[in-house]
1. From the list Val690, Val678, which one is of a type in the set (Val, Ile, Thr), in contact with a Pro (Cβ under 7 Å, 6 or more places away or on another chain) and part of a helix (DSSP H, G or I)?
2. Among the residues in segment 399-420, are any under 28 Å from Phe337 (Cα atoms), open to solvent by 60 Å² or more (accessible area, probe 1.4 Å), in a loop (DSSP other than H, G, I, E, B) and not aliphatic (A, V, I, L, M)?
3. Please determine, by comparing only the residues of segment 281-325 that are assigned to a strand (DSSP E or B) and in contact with a Ser or Thr (Cβ under 6 Å, 6 or more places away or on another chain), which one is nearest to Trp338 (Cα to Cα).
4. Got at least one residue in segment 652-662 being crowded, with 20+ Cβ neighbours inside 10 Å, assigned to a helix (DSSP H, G or I) and in contact (Cβ under 8 Å) with a residue 12 or more places away in the chain?
5. Using the structure shown, decide if Ser455 is in a helix (DSSP H, G or I) and either open to solvent by less than 10 Å² (accessible area, probe 1.4 Å) or more than 21 Å from Glu497 (Cβ to Cβ) (or both).
6. Which residues, taken from segment 709-741, are of a type in the set (Val, Ile, Thr) and within 50 Å of the chain's Cα centre (by Cα)?
7. Within segment 228-255, track down each residue that is open to solvent by 30 Å² or more (accessible area, probe 1.4 Å), touching a strand residue (DSSP E or B) at 6+ places or on another chain (Cβ under 7 Å) and either of a type outside the set (Asp, Glu) or over 13 Å from Val218 (Cβ atoms) (or both).
8. Go through segment 606-641 and count every residue that is in a loop (DSSP other than H, G, I, E, B), farther than 17 Å from Glu696 by Cα and open to solvent by 30 Å² or more (accessible area, probe 1.4 Å).
Amino acid sequence: MPDLLLELFSEEIPARMQRRAAEDLKKLVTDALVERGFLYEGAQAFSTPRRLALTIMGLPVKGKDVREERKGPRVGSPDAAIQGFLKGAGLASLDQAKIESDPKKGEFYVAVIEKPGRATTDVLAEILPQIIKSFPWPKSMRWGAASAEAGSLRWVRPLQSILCTFGPETEDPEVVRFEVDGTVSGDVTYGHRFLAPGSIRVRRFDDYVPALERAKVVLDADRRKDMILHDAKDLAFAQGLELVEDEGLLEEVAGLVEWPVVLMGSFDEAFLDIPPEVIRTTIRANQKCFVLRDPRTGRLANRFLLTSNLIATDGGKTIIGGNERVVRARLSDAKFFWETDQKVKLEDRLEKLKTIVFHEKLGTQYERVERIAALAKELAPIVGADEALAERAARLAKADLVTEMVGEFPELQGLMGRYYATLQGEDPSVAAAIEEHYKPLGPSDRVPTDPVSVSVALADKIDTLVGFWAIDEKPTGSKDPYALRRAALGVIRLVLENNIKLPLISLLAKPFARDAKDVLFEEFLQIKKLVEAIEDSAFASLVSHPALPDIEAIFRQRQLGNAESLARIMYMRALDLLSFFADRLKVYLRDQGARHDLIDAVFSLEGQDDLLMIVRRVEALGRFLDTEDGANLLAGYRRAANILRIEEKKDGRAYDEAPDLQIVNDQGQIEEKALAVVLHGAKEEARKAVKSEDFEGAMRALSRLRQPVDAFFDKVTVNAEDAGLRANRLRLLNSIREATRTVADFSRIEG
């Protein structure tokens, strides 16, 4: 079957856009073909700095013929209906239609429409210009005289030529003819800009790739990466050094060259006094070069590797010399920043943070540091950190933002703070916390373990989340400009991987209380208890609570406004943020292999805001449900819940009172009595186990319900004729539901 070859040749495409653009091209073209009924055997996309290429194998020469029978009006229908049918079917007269009979509906007209399959080249000539004109580049430009016209072609860089051929291996393929804003498709491409700039006539993909190789162009980006990595390691080994690998830089460099040539340069050893991260960042950011280290000492060497895009006649001496001059200048700047920054202590820089706005609605970085320091001090005893060290680390954590080095290289924030803190004699835990309080930055990033680092990292992330929740700047859909999902996941990982018991609702509510016109936290907790004391958390009922006048008196004295509305705002904000944590925890645990429904089952219980305990309960619940006792108890619970739901709806009332044990003893069957006894004991035992955080013990207690629940449903008729006995049995079913709620809400469990 024939193959398609498409190449879009242009000026240099930014390296960061190449791989995605190649995949977009493949998807857009193949989707358009499949949508039109053209199936294929395989497709591959490629990119170099100056071209996107696509090959699609096994396309048909033409589309399938289509035969359609379109039913029309009945014979003898009004003329308007007849004419509409003829027009829709593309018929000139009724002579071109046939008549069919239906025993019920009588005779009616049928149009047989036959459409021959379209040639693949015609379809390609139709869809490719549309795809090129609407290509989803992150950034694009117009150029030349045509750029003045509305709707002219936009491309990432000026498009210079289009190669498009189609045909089988055994024949000469034909050029798919089309034109995009004056650029006409053909069968010509071009080699390396400097080493082989001439035109190359191409027939199909099989001769396209070797022709480019002869013209010093390696089409496959992954092969260019392999070449660079292999040559870099060989050059380093020859000098007794080893490459400091950098996958991100390797990907970028492979997108900067079509014919990679790796060369080695050097710089003055005096620059090695600069922190190694600074050297690496300077050379990487400015020259896209790799650094090397001495395997014997682990320290950086005064060498670097660059990747040239050509074979130089002088062996690369001129290229190396030019890169060495730039590297020397950049490292001189970095050395100056390093030495200058050490002249000012970190605490003396705090005043400057007052001039840096964190967010227009959340104040300056200085104000944020004050909040983080207060929260870190409060968190310190919870995580086992020294309060003074935690507060000190939090106050200095953002000071390096106003240093010269971080001003030049923002990616070094935190790290430079650690260096400067160490040099000025800060406690090692304080210095480490300044660097680590940003961590973890992603799912694969390391989680801090030093208690001081943990307290500051938690305070930083919680302050961020509370702040943006307070101003209603929450993530929506795929948009998360302030990385709040990452912050929440960071809190989750800090808590779980350090085994920290952290009551989130109180912790989150405290900053909200401060935000609500500086209400004292104790006052907030008093209001919170009032709210929780009201059935179903009915805020409207708060106004009639007997203790409210005392709270309102406090509010009036401090001119804080209406107690009910403030309580509602503060409490609901904290609950909403807790719900966000629940969603993030589901994602995290799902990635770890846990079931999301079990997380829902635990989270839906009131007062569940300790992430560590939630996870342990979820794990214990999962293990329990995997046993025969667990699976059968879940089935029994569902049967009880279904009966209760039906009967409560029918009776218009809830059966949530405790069962009357006297009725059970006097009128109940053996199985009913046994269930009542076991229920009472299992519920109390499970409650005590949960209180002592023995979740495995709670599950063992519930497992005792399995046999009596099975026996009850097997032998006892719930809807007894005696109304009192029936009601008591329904209350007994409710007791099953209540017993399981000591560990989880079984109604949330799926499967």
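1. Val678
2. The answer is yes; a qualifying residue exists.
3. Per the criteria, the residue is Asn302.
4. no
5. Details: in a helix (DSSP H, G or I): yes; either open to solvent by less than 10 Å² (accessible area, probe 1.4 Å) or more than 21 Å from Glu497 (Cβ to Cβ) (or both): yes.
In short, yes.
6. Step one: list which residues in segment 709-741 are of a type in the set (Val, Ile, Thr), which gives 709, 716-718, 736, 740.
Result: Val709, Val718, Ile736, Thr740.
7. So in segment 228-255, the residues open to solvent by 30 Å² or more (accessible area, probe 1.4 Å) come out as 229-231, 233-235, 237-240, 242, 245, 247-248, 251-252.
Checking the rest, the ones that are also touching a strand residue (DSSP E or B) at 6+ places or on another chain (Cβ under 7 Å) come to 231, 233, 235, 239, 242.
Across segment 228-255, the qualifying residues are Lys233, Leu235, Gln239, Glu242.
8. Taking segment 606-641 first, the residues in a loop (DSSP other than H, G, I, E, B) are 606-609, 626-627.
Those left that are additionally farther than 17 Å from Glu696 by Cα: 606-609.
Still in the running and open to solvent by 30 Å² or more (accessible area, probe 1.4 Å): 606-608.
Number satisfying all stated conditions: 3.
The values are calculated or read from the model by the stated rules, or taken from the named source; none is laboratory data. Worth saying up front: this structure is predicted, and the values here are computed from it rather than measured. Glycine gets a Cβ as well: all are built from the backbone with ideal geometry, and neighbour counts include every protein chain shown. SASA here: full protein model, heavy atoms, side chains in, ligands and nucleic acids out. Shrake-Rupley method; radii C 1.70, N 1.55, O 1.52, S 1.80 Å.
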